[in-house]
2 protein chains.
Amino acid sequence: MGQKSTYSYRVEPQDVDFTLRATLPALGSSILNVAGADAHGKGFGVDALNADNHSWVLSRMAIEVDERPTQYTDYTVATWINEYGRVLSTRNFTLTDSSGREFARAVTQWAMIDLTTRAAVDLSWVGRAHSEAIVDAPSPAEKPRKIRSVEPERFVEHRVVYSDIDFNRHVNTMRYIEMCLDMLPVDSFAREEGVRLDIHFLHECRYGELLRVGCQTLDDATLFEIRNEAGEAAVRASIAWRA
Amino acid sequence: MGQKSTYSYRVEPQDVDFTLRATLPALGSSILNVAGADAHGKGFGVDALNADNHSWVLSRMAIEVDERPTQYTDYTVATWINEYGRVLSTRNFTLTDSSGREFARAVTQWAMIDLTTRAAVDLSWVGRAHSEAIVDAPSPAEKPRKIRSVEPERFVEHRVVYSDIDFNRHVNTMRYIEMCLDMLPVDSFAREEGVRLDIHFLHECRYGELLRVGCQTLDDATLFEIRNEAGEAAVRASIAWRA
């Protein structure tokens, strides 16, 4: 059995919004960086997988933040994998400030794809080959929820530009989250309440595509659906504030 | 006379584009962070100025990059002020990799504003009060060029959203640069050539405004003008690739 790994971060000026607190995408970015660094350190990073024409793809993510840390706050991200299924592996995170208080947590689920077909491959072998990397500790939050349907009442269009894309020329994860947050009333971010984000990736969106971001306000959450140019649901998400 | 100050940075995964090299906004971000940290350390940071109801505002910036560093590259930013005028102070930067090779440089010009009127105030007193912070070393590149007029042949519209704004609820500097870069053909970034960016800030753009980003292609450069909802030129910029 493995141990949790920890990484140190600091909330930099480019990480904060108008409240001078870290944005959800900034915290999400450090979470994904930690995932990449830890997989690399344990021998199953994207670099090692690419040699076999495979790669990791983020399928679902849930982030819960009790209180967004202010600019220049130092924090620690702990990460561990506790489950390998045939299709998804589960990687967990807790974010802790320098006094040891946990202020956020995340659960991510990853598929492995064949880079030629971009189809999911069976990843049970990773669990067997790297069983020492599995940590016997429960996920710190409910797993990412599957969002089955969204009936948007409002839309904005978004053309995928250079600044949106990653090394695959697909929209990067944090930009999808920004597209959702940007549909909310800006004063949602002035209240300092806990928030839970669930996001579910169904199709990759490419440079140049015209996306349609829809949003539906429910009593207890706001749902989002980003459709690609072909009209398919590419991303679904839910944001719920918690007093 | 003062000494140059140095700060350490690393190209993180969120800093790179599809070429896996640091973007201009990411390098620009570390440059502005260094400006803030150095001014703070020397006693004339935004925090100290706010006590007198003043603040620094970036008026013009020029960045020259010979080669954009790849992901995980460590680099050092050196900064120094070499001039205080009545209206503008000049802060300089060089960016150096771990082998000591300078791969980028920048010259920025800052005004001091009164936070109530948002008008520029005479800042010669800062030069007198903090003369020990002035470094007798020339700027590492030509000062930011004034871009007097742009005759755009193409436009895109951009509504200012939550993710675009800083603590003043104005569009943050790096988002303006992204708006310009996003008008260029994406393959401009695949060629690895030197680039020089000049950017000139005329009016602050606010949350919710509908901006119009125009671009004009010249033989040796691309010019940009971002107009605010009132139709005023808010930002002008020029990007020139250098073989």
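The table below gives the values:
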quantity: Meets criteria (without any contact (Cβ under 8 Å) to a residue 12 or more places away in the chain, among the hydroxyl-bearing types (Ser, Thr, Tyr) and in contact with a Lys or Arg (Cβ under 9 Å, 6 or more places away or on another chain)) for A:SER131; calculated: no
quantity: So B:VAL16, is it over 16 Å from B:PHE93 (Cβ atoms), within 14 Å of chain A (Cβ to nearest Cβ) and buried (at least 18 other Cβ atoms within 10 Å of the Cβ); calculated: yes
quantity: Every residue from segment B:1-13 that is hydroxyl-bearing (Ser, Thr, Tyr) and either crowded, with 21+ Cβ neighbours inside 10 Å or within 7 Å of chain A (Cβ to nearest Cβ) (or both); calculated: B:TYR9
quantity: When residues of segment B:165-185 are limited to those that are assigned to a helix (DSSP H, G or I) and facing chain A (nearest Cβ under 8 Å), the one farthest from A:ASP15 (Cα to Cα); calculated: B:LEU181
quantity: Of residues in segment B:170-228 being in contact with a helix residue (DSSP H, G or I) (Cβ under 9 Å, 6 or more places away or on another chain) and of a type in the set (Asp, Glu), the one surrounded by the most Cβ atoms within 10 Å (Cβ to Cβ); calculated: B:GLU178
quantity: Hits in segment B:113-147 (condition: in a loop (DSSP other than H, G, I, E, B) and farther than 30 Å from B:THR222 by Cα); calculated: B:LEU115, B:THR116, B:THR117, B:ARG118, B:ALA119, B:ASP122, B:LEU123, B:HIS130, B:VAL135, B:ASP136, B:ALA137
quantity: Residue within segment B:223-236 that is within 14 Å of chain A (Cβ to nearest Cβ), of a type in the set (A, V, I, L, M) and over 23 Å from A:LEU181 (Cα atoms) present; calculated: no
quantity: A:VAL150 vs. criteria among the β-branched types (Val, Ile, Thr) and either assigned to a loop (DSSP other than H, G, I, E, B) or buried (at least 17 other Cβ atoms within 10 Å of the Cβ) (or both); calculated: yes
quantity: Filtered residues of segment A:20-52 (kept if in contact (Cβ under 8 Å) with a residue 60 or more places away in the chain, facing chain B (nearest Cβ under 8 Å) and in a loop (DSSP other than H, G, I, E, B)); calculated: A:THR23
quantity: Test set (1) at the interface with chain B (Cβ under 10 Å from one of its Cβ atoms); (2) part of a strand (DSSP E or B); (3) under 15 Å from the mean Cα position of the chain (by Cα) - A:VAL156 fails condition number; calculated: (3)
quantity: Long-range neighbours under 9 Å by Cβ, at least six apart or interchain, first residue over 21 Å from B:MET61 (Cα atoms) within segment B:95-117, second surrounded by 12 or more Cβ atoms within 10 Å (Cβ to Cβ) and of a type in the set (Phe, Trp, Tyr); calculated: B:ASP97/B:TYR75; B:ASP97/B:PHE103; B:SER98/B:TYR75
quantity: Condition met for B:THR90 (in a strand (DSSP E or B) and free of Cβ contacts under 8 Å to residues at least 24 places away in the same chain); calculated: no
quantity: Enumeration of residues in segment A:61-77 that are over 15 Å from A:ARG196 (Cα atoms) and within 15 Å of the chain's Cα centre (by Cα); calculated: A:VAL77
quantity: Segment B:186-214, subset more than 15 Å from B:PRO25 (Cα to Cα) and among the β-branched types (Val, Ile, Thr), residue nearest to the other protein chains (Cβ to nearest Cβ); calculated: B:VAL186
quantity: Options B:VAL150, B:VAL161: the member that is more than 9 Å from every other protein chain (Cβ to nearest Cβ) and at pLDDT 95 or above; calculated: B:VAL150
quantity: Members of segment A:153-168 that are of a type in the set (Phe, Trp, Tyr) and surrounded by fewer than 17 Cβ atoms within 10 Å (Cβ to Cβ); calculated: A:PHE155, A:PHE167
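The values are calculated or read from the model by the stated rules, or taken from the named source; none is laboratory data. Computed from a predicted structure; not experimentally measured. Cβ sites come from the backbone with ideal geometry, for glycine too, and all protein chains shown count toward neighbours.
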